[in-house]
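K.L.:
Before I ask anything, let me first share the structure, which is written out below as structure tokens.
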Amino acid sequence: MLYIGMLFSMFAWHVEDHYLYSINYHHCGASKTWYGIPSHAASKFEKVVKEHVYTNDILSVDGEDGAFDVLLGKTTLFPPNILLEHEVPVYKAVQQPGEFVITFPSAYHAGFSHGFNCGEAVNFAIGDWFPLGAVASLRYAHLNRVPLLPHEELLCKEAMLLYTSLELDDLDYLPADLASHYCIKVSFVKLIRFLHRARWSVMKSRACTSVSPYYYRTIVCTLCKRDCYVAFVNCSCYSHPVCLRHDIKSLDFPCGSYRGLFLRDDVAEMEAAAKKFEQEDTISKEIERQTENGDDLYSYPLSNNSQSDLEDGFFPYCEINVVLS
């Protein structure tokens with residue numbers, strides 16, 4: 001994005017799409033004032049905005065995502081003293097020509113120009129973004145918003161590149177790289193574990209009448225708008241793709257009751273990569289900890305209880321052998 005500013009032109013309070021990082025370079029002209037909220041205070045920021053900035057007729061969504069939904073429009077302006085009055089930490093920076101400003105995931109920010117200027121900005125992600133991107137995807141699904149980038153596809157491709165490098169014994173990594181890899185591995189294992197369990201349940205219940213290979217682009221679920229890269233279910237007219245986070249058997253497709261499971265042909269290789277990552281002690285312990293805490297970032301809106309009657313005999317990465325009629 002290229003920005004041309006003038007005296008008191010402003011950018012509204014917002015967080016970057018999908019909780020991405022951003023980097024902003026000030027090319028020339030008058031300085032620019034920034035106000036920033038640390039990532040850890042994001043929920044407190046949203047609570048204050050909901051209770052002390054917005055009126056009820058502005059909020060279209062109840063609960064903790066109500067303010068987040070409106071803030072995504074990037075049209076909310078209010079003075080930072082409102083935040084300070086309610087103990088939300090606010091920091092100020094004045095950006096001069098030739099300087100960069102970097103914003104971190106889920107860190108709200110706003111600001112204004114002191115005169116004519118020119119700036120340039122771009123979003124980016126590193127490995128530690130993936131868990132945060134999963135949180136953003138979950139919140140988008142709560143609001144039934146179409147994602148702007150395919151989180152699942154990005155995660156799978158990054159994980160498989162990492163898996164390939166490990167297979168080649170390319171282990172000359174810096175500590176920062178290892179921290180990034182850790183985040184990718186944990187997120188990928190959680191995703192693959194969920195999709196394997198969901199696929200097992202779908203096949204065990206015979207909710208689908210066929211299984212077909214799938215080679216194409218990411219598909220968006222017609223019900224919750226989450227992106228599907230590894231697997232999805234579709235109807236006989238191929239117009240109602242649905243992710244595996246729904247009760248497939250109860251779906252009422254307008255074109256009839258036929259349901260087919262579409263699965264990437266390299267899913268076995270992805271599961272092998274996930275199993276390889278889990279052999280690392282730190283990865284397996286983190287997966288176990290998050291499972292005990294009921295972390296469901298990748299399963300919403302599926303209820304964990306909805307599969308309980310099908311779980312007999314299931315274990316992670318077990319073979320899925322179901323004869324279809």
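K.L.:
Quick check on this structure: which one of Gly115, Gly73, Gly66 is outside any strand (DSSP E or B), farther than 27 Å from Leu149 by Cβ and either touching a residue at least 24 places away in the same chain (Cβ under 8 Å) or not assigned by the TED database to the domain that holds Leu149 (or both)?
P.N.:
Step by step, each of Gly115, Gly73, Gly66 is checked, and only Gly115 is outside any strand (DSSP E or B), farther than 27 Å from Leu149 by Cβ and either touching a residue at least 24 places away in the same chain (Cβ under 8 Å) or not assigned by the TED database to the domain that holds Leu149 (or both).
K.L.:
Mind listing whichever residues of the range 263-288 are of a type in the set (A, V, I, L, M, F, W, C) and open to solvent by less than 30 Å² (accessible area, probe 1.4 Å)?
P.N.:
Leu263, Val267, Met270, Ala273, Ala274, Phe277, Ile283, Ile287
K.L.:
Kindly indicate whether any position in the range 122-132 is assigned to a loop (DSSP other than H, G, I, E, B), touching a Phe, Trp or Tyr at 6+ places or on another chain (Cβ under 8 Å), among the small types (Gly, Ala, Ser) and within 29 Å of Ala268 (Cβ to Cβ).
P.N.:
yes
K.L.:
Regarding Ser31, is this residue modelled with pLDDT of 95 or more, over 24 Å from Ile126 (Cα atoms) and either of a type in the set (S, T, N, Q) or crowded, with 16+ Cβ neighbours inside 10 Å (or both)?
P.N.:
Yes: the conditions hold for Ser31.
K.L.:
Follow-up. So is Pro175 open to solvent by 30 Å² or more (accessible area, probe 1.4 Å) and farther than 25 Å from Cys224 by Cβ or not?
P.N.:
In short, yes.
K.L.:
Here is a further query. Quick one: count up the residues across the range 232-280 that are of a type in the set (Gly, Ala, Ser) and not in a helix (DSSP H, G or I).
P.N.:
5
K.L.:
Please state which of the following conditions Asp252 fails to meet, knowing it meets all the rest: (1) without any contact (Cβ under 8 Å) to a residue 24 or more places away in the chain; (2) crowded, with 16+ Cβ neighbours inside 10 Å.
P.N.:
Evaluating Asp252 over (1) without any contact (Cβ under 8 Å) to a residue 24 or more places away in the chain; (2) crowded, with 16+ Cβ neighbours inside 10 Å leaves (2) as the failure.
K.L.:
In this structure, is Arg206 over 23 Å from Leu162 (Cβ atoms), assigned by the TED database to the domain that holds Leu162, among the charged types (D, E, K, R) and open to solvent by 50 Å² or more (accessible area, probe 1.4 Å)?
P.N.:
The answer is yes for Arg206.
K.L.:
Which is surrounded by 15 or more Cβ atoms within 10 Å (Cβ to Cβ) and over 16 Å from the mean Cα position of the chain (by Cα), of Ala125, Ala159, Ala136, Ala121?
P.N.:
Of the residues listed, the single one that is surrounded by 15 or more Cβ atoms within 10 Å (Cβ to Cβ) and over 16 Å from the mean Cα position of the chain (by Cα) is Ala121.
The values are calculated or read from the model by the stated rules, or taken from the named source; none is laboratory data. None of these values were measured; they are calculated from a predicted model. Quick reminder, even Gly has a Cβ in these numbers, built from the backbone with ideal geometry, and neighbours come from all protein chains shown. Only protein heavy atoms, including side chains, enter the accessible area calculation; ligands, DNA and RNA are left aside. Shrake-Rupley method; radii C 1.70, N 1.55, O 1.52, S 1.80 Å.
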